[in-house]
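Right, one structure below, let's go through it.
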Amino acid sequence: MSKELMDISFIADRDLWDRFVSSYGGNFLQSWEWGEVKRGHGWFPLRLALIKDDTPVLAAQVLFRKLFGLTVAYVPRGPVGKAEGDELDKFIYGLHKVARANHAIFIRIEPPREVPWARLLEGAVISENTIQPRATLTVDLSVGEEAILKSMRSKTRYYVRQSEKLGVTTREGSLEDVKVFYDLLEETSSRARFGIHAYDYYKDVYQQFVGKDLGKLILAEWQGEVIAGVFTIAFGNYGVYLYAASKTDHRDKYPNYLLQWKAMQWCAMKGCKTYDLWGVPLKAAREFKNPTSGSPDISGQNEGLWGVYGFKRHFGREAVIYPPALDYPYIRPLYLAWFRLRGAESE
């Protein structure tokens, strides 16, 4: 390893990595398990850490995707940790060196919070076109179940309780149930008009997270039929409502409300202090944070994140807005070509 990288290490120990990331409140997108999910679907992860006195102080899981003999590099909700001055300079230098060594056209960083590090902004192209949602709603789980229920709208509490009164029950889903959940997800994506991954992707998410007791698939049944499901992750102090699906029929039995409550309860039991509803429209989050004329008008808006915002706002108590993406082009003509290609694909 070169002199410039003498304090930079690649981490190959799953437990060490996850302990560090979770200890700094890192997002599950920086977890070892998420990197392994992505490894099976076109990406390969490298876990880079700045080591000081034999202890990581700043780290980033970098995902690489091959593209025409080159790569694109991506750091979702990272870096994680704490460093400043020369230490931060060393880490950023090492990050760029690793990206270039792996033939990256550019590296994209989607930071976990507002970036206080001016050094991180040097040379960056700020992009509003993020891969992860720019905004979300969260619930404080640390206050206890009674306070959480009390903070909900009265109609939301009614739906949670009414669902059970109508005979809806819940159970933990097995690996075999992932296919049942996926069938629901296909129906939901068609109804709400959003894209989904292939079945094997969700199977891998289940195996990586549920297999490590970091996730749970919860299914809602009515008279023996699975009518809805939710996949939630509990990583460190942070719980995430990651995927959800339901049948078009039986929505009058409010299974999604009951599932949301069961997911919150499980995350709280796992020690999570915050529950993330995982993605709402940026415009809605801004209005939620600083209301000027009541809730944003969502009538007629049922695509993408707008399609689920009406449901999520029943539970969310705080809006969180993430900064835009930071892109660092190494081969600028190909970087610009990549964005033109992505734009054409989305039209």
Check your understanding: Listed residues D200, D213, D204; which is assigned by TED's automatic domain parsing to the domain that holds G271 and under 17 Å from the mean Cα position of the chain (by Cα)?
Key -> D204
Check your understanding: Counting just the residues of segment 207-231 that are assigned to a helix (DSSP H, G or I) and not aromatic (F, W, Y), which one comes out surrounded by the most Cβ atoms within 10 Å (Cβ to Cβ)?
Key -> Q208
Check your understanding: Inside segment 301-347, can you point out the residues that are at pLDDT 80 or above, of a type in the set (A, V, I, L, M) and more than 18 Å from the chain's Cα centre (by Cα)?
Key -> I331, L334, L336, A337
Review point. Just wondering, is there one or more residues in segment 174-193 that are in contact with a Gly (Cβ under 8 Å, 6 or more places away or on another chain), exposed (fewer than 15 other Cβ atoms within 10 Å of the Cβ), modelled with pLDDT under 95 and not in a helix (DSSP H, G or I)?
Key: yes
Point to revise | Unmet criterion (only one of (1) closer than 26 Å to F209 by Cβ; (2) surrounded by 22 or more Cβ atoms within 10 Å (Cβ to Cβ)) for P111 | key: (2)
Review point. When you go through (1) crowded, with 20+ Cβ neighbours inside 10 Å; (2) touching a residue at least 40 places away in the same chain (Cβ under 8 Å) one by one for A234, which number turns out not to apply?
Key: (2)
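Just checking, does segment 182-193 include any residue being closer than 18 Å to K262 by Cα, of a type outside the set (D, E, K, R) and either assigned by TED's automatic domain parsing to the domain that holds Y309 or under 20 Å from the mean Cα position of the chain (by Cα) (or both)?
For segment 182-193, residues closer than 18 Å to K262 by Cα, of a type outside the set (D, E, K, R) and either assigned by TED's automatic domain parsing to the domain that holds Y309 or under 20 Å from the mean Cα position of the chain (by Cα) (or both): absent.
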Review point. Can you name the number of the only condition in (1) surrounded by 12 or more Cβ atoms within 10 Å (Cβ to Cβ); (2) more than 16 Å from Y275 (Cβ to Cβ); (3) of a type outside the set (D, E); (4) not assigned by TED's automatic domain parsing to the domain that holds R65 that K165 fails?
Key: (1)
Practice item. Kindly list the number of the only condition in (1) part of a helix (DSSP H, G or I); (2) outside the structural domain of M264 (by TED's automatic domain parsing) that fails for I126. Key: (1)
Review point. (1) under 24 Å from Y24 (Cα atoms); (2) surrounded by fewer than 20 Cβ atoms within 10 Å (Cβ to Cβ); (3) free of Cβ contacts under 8 Å to residues at least 60 places away in the same chain: which one isn't true of A263, the others all being true?
Key: (2)
Check your understanding: List pairs: first in segment 273-289 and farther than 21 Å from A244 by Cβ and modelled with pLDDT of 95 or more, second surrounded by fewer than 18 Cβ atoms within 10 Å (Cβ to Cβ) and of a type in the set (S, T, N, Q), Cβ under 6 Å, 6+ apart or cross-chain?
Key -> K273/S142; K273/N237
Review point. Of the residues in segment 195-206, how many are out of contact with any His (no Cβ under 9 Å at 6 or more places or on another chain) and surrounded by fewer than 20 Cβ atoms within 10 Å (Cβ to Cβ)?
Key: 4
Practice item. Only residues that are closer than 10 Å to Y257 by Cβ and among the β-branched types (V, I, T): list them for segment 141-176, please. Key: T156, V160, V168
Check your understanding: Only one of (1) in contact (Cβ under 8 Å) with a residue 60 or more places away in the chain; (2) under 21 Å from the mean Cα position of the chain (by Cα); (3) farther than 22 Å from S31 by Cα fails for P255. Which number is that?
Key -> (2)
Check your understanding: In the set V168, V180, which member is among the β-branched types (V, I, T) and touching a residue at least 60 places away in the same chain (Cβ under 8 Å)?
Key -> V168
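The values are calculated or read from the model by the stated rules, or taken from the named source; none is laboratory data. All values derive from a computational prediction rather than experimental measurement. Note that we place each Cβ from the backbone using ideal geometry, even for glycine, and neighbour counts take in every protein chain shown.
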